[in-house]
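The next block holds one structure in the form of structure tokens; read it before the comments.
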Amino acid sequence: MACYLGKAGYDVEVYELRDDLRVGTIPGGKSINLALSHRGIVSLARAGIIDDVMQMAVPMPGRMIHARDGSLVFQPYGRGDSQAIHSVSRGALNALLLEAAEQYSNVTLQFNAKCTGVDLNAGRATLLNTQTGDQKTVTGDVLVGADGAFSVIRRAMQRIDRFDYSQTYLKHGFKELTIPAAEGGGFRIEKHALHIWPRRSFMMIALPNADGSFTATIFWPFEGRNSFEEIKTKDDVLRFFDEQFPDATPHMPTLVDDYFANPTGSLVTVRCAPWYFKDKVVMLGDACHAVVPFYGQGMNAAFEDALVLDDCLRESPDDLDRVFSRYDQLRRPHVNVLADLAISNFVEMRDRTGSRLFLLKKKKERILNRFFPSWYLPLYTMATFSQIPYGEATRRAKNQDRIVNVVVMILLLVLMGMFCTWIL
């Protein structure tokens with residue numbers, strides 16, 4: 001958003017809670033690699049950095065499913081390698097975006113700035129320098145809240161009359177692990193795939209990095225059977241991974257250290273309305289619609305927020321109330337649909353990707369898409385490889401499946417009628 005506003009000529013001040021990640025080592029340990037797809041690509045292209053991003057991205061045209069016995073099944077996402085999602089390092093992408101924003105003389109970046117309070121009517125934020133302890137207030141024509149799932153700006157908006165807000169947590173958490181590059185470089189497992197070890201009530205995934213390593217993430221229940229609660233010792237870790245992920249364990253020499261060193265994260269869904277306050281405050285991304293990561297659209301949807309807000313600003317630059325209202329109308333209903341898709345896809349990835357019925361369903365979708373490419377588009381294809389709004393994509397997918405089911409029933413009735421006639 002800072003890149004878009006800077007390019008449009010606005011004076012922009014960016015206040016970042018963390019340190020400048022370009023100064024030292026990019027932090028890890030509590031992240032899930034980003035899956036960049038069409039919506040994000042279009043948004044980054046407008047920011048002028050897509051070529052640099054794609055140079056460090058690893059294309060993933062499908063999922064590689066790992067059964068407990070070590071057998072593998074590759075499931076393509078779309079038609080050929082052209083329909084691929086791209087694995088991108090979160091830290092490296094953030095560094096590129098900081099560089100891009102800083103290229104504009106009218107954009108300034110200030111780090112270690114913790115927002116401690118907001119006056120919505122005045123467009124004023126109180127900021128604490130986390131290194132020196134100094135505190136100051138800043139005032140702008142507009143405050144843009146891109147401050148994450150636990151947004152301070154959203155918390156201030158929650159005191160507004162008739163502001164709707166909800167947050168829900170999954171019973172599962174996540175922890176980051178590492179599959180390092182092979183000795184001498186190269187990838188230990190298939191490079192061009194998003195790897196999934198589905199185990200019904202839990203799973204592990206791994207996304208490739210350009211240096212040959214994989215960022216692996218386990219998604220386990222916090223409590224109960226096969227949970228974080230059960231794994232307490234080094235032996236517990238090794239025994240569990242040997243039983244559940246036997247083909248992965250040999251590729252994870254730092255497994256035990258990673259497991260106990262890296263924190264366990266939670267998975268939250270945030271919904272709220274509206275996303276703006278008068279012509280003074282507007283929110284983007286997780287601040288107004290945090291989603292769980294299982295549809296691979298969290299970052300892409302947030303970048304698309306910025307793209308749509310930029311479009312609205314170009315249309316009505318002198319009427320910010322109209323700009324924010326239009327942006328809210330265009331985005332909020334569809335991202336609420338995405339939140340539901342992300343939760344349901346967790347069940348799909350964890351429980352169904354290894355089943356024959358699921359494989360048959362995906363094969364049916366690919367066949368229909370091949371023979372009727374302008375009419376039949378799988379829901380995942382519309383969400384991931386197009387800019388069709390999420391709600392519209394969901395409605396279209398339901399209508400398509402309804403028509404297919406009716407046609408199949410009619411064909412079965414016709415065949416049954418022909419068979420009965422032949423018997424008579």
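Regarding residue 285, is this residue at pLDDT below 95, crowded, with 19+ Cβ neighbours inside 10 Å and outside the structural domain of residue 392 (by TED's automatic domain parsing)? No: the conditions fail for residue 285. Check whether at least one residue in the stretch 384-404 is closer than 20 Å to residue 83 by Cα, modelled with pLDDT of 80 or more, surrounded by fewer than 19 Cβ atoms within 10 Å (Cβ to Cβ) and small (Gly, Ala, Ser), and report yes or no. Within the stretch 384-404, one or more residues are closer than 20 Å to residue 83 by Cα, modelled with pLDDT of 80 or more, surrounded by fewer than 19 Cβ atoms within 10 Å (Cβ to Cβ) and small (Gly, Ala, Ser). Consider residue 294 carefully, then state whether it is in a helix (DSSP H, G or I) and surrounded by fewer than 23 Cβ atoms within 10 Å (Cβ to Cβ). No: the conditions fail for residue 294. Residues in the stretch 214-228 that are touching a strand residue (DSSP E or B) at 6+ places or on another chain (Cβ under 8 Å) and surrounded by fewer than 18 Cβ atoms within 10 Å (Cβ to Cβ): 221, 222, 223, 226, 227.
Quick grid of which residues meet (1) more than 17 Å from residue 206 (Cβ to Cβ); (2) more than 28 Å from the chain's Cα centre (by Cα); (3) without any contact (Cβ under 8 Å) to a residue 24 or more places away in the chain:
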site: 223; (1), (2), (3): yes, no, no
site: 226; (1), (2), (3): yes, no, no
site: 238; (1), (2), (3): yes, yes, yes
site: 244; (1), (2), (3): no, no, no
site: 249; (1), (2), (3): no, no, yes
site: 252; (1), (2), (3): no, no, no
site: 255; (1), (2), (3): no, no, no
site: 258; (1), (2), (3): no, no, no
site: 262; (1), (2), (3): no, no, no
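Of these, 161, 134, which one is farther than 20 Å from residue 283 by Cβ, free of Cβ contacts under 8 Å to residues at least 12 places away in the same chain, of a type in the set (Asp, Glu) and surrounded by fewer than 15 Cβ atoms within 10 Å (Cβ to Cβ)?
After ruling out the rest, the residue left standing is 134.
Figure legend. Inter-residue proximity from the stretch 335-360: first residues surrounded by fewer than 17 Cβ atoms within 10 Å (Cβ to Cβ), second residues at pLDDT below 70, beta-carbon distance below 6 Å, spacing 6+ or different chains. Indicated pairs: 358/352.
Against the definition (touching a Leu at 6+ places or on another chain (Cβ under 9 Å) and either touching a residue at least 40 places away in the same chain (Cβ under 8 Å) or not acidic (Asp, Glu) (or both)), how does residue 106 come out, yes or no?
The answer is yes for residue 106.
The values are calculated or read from the model by the stated rules, or taken from the named source; none is laboratory data. What you see is a predicted model, and the numbers here were worked out from it, not measured in a lab. Virtual Cβ from ideal backbone geometry, glycine too; neighbours counted across all protein chains shown.
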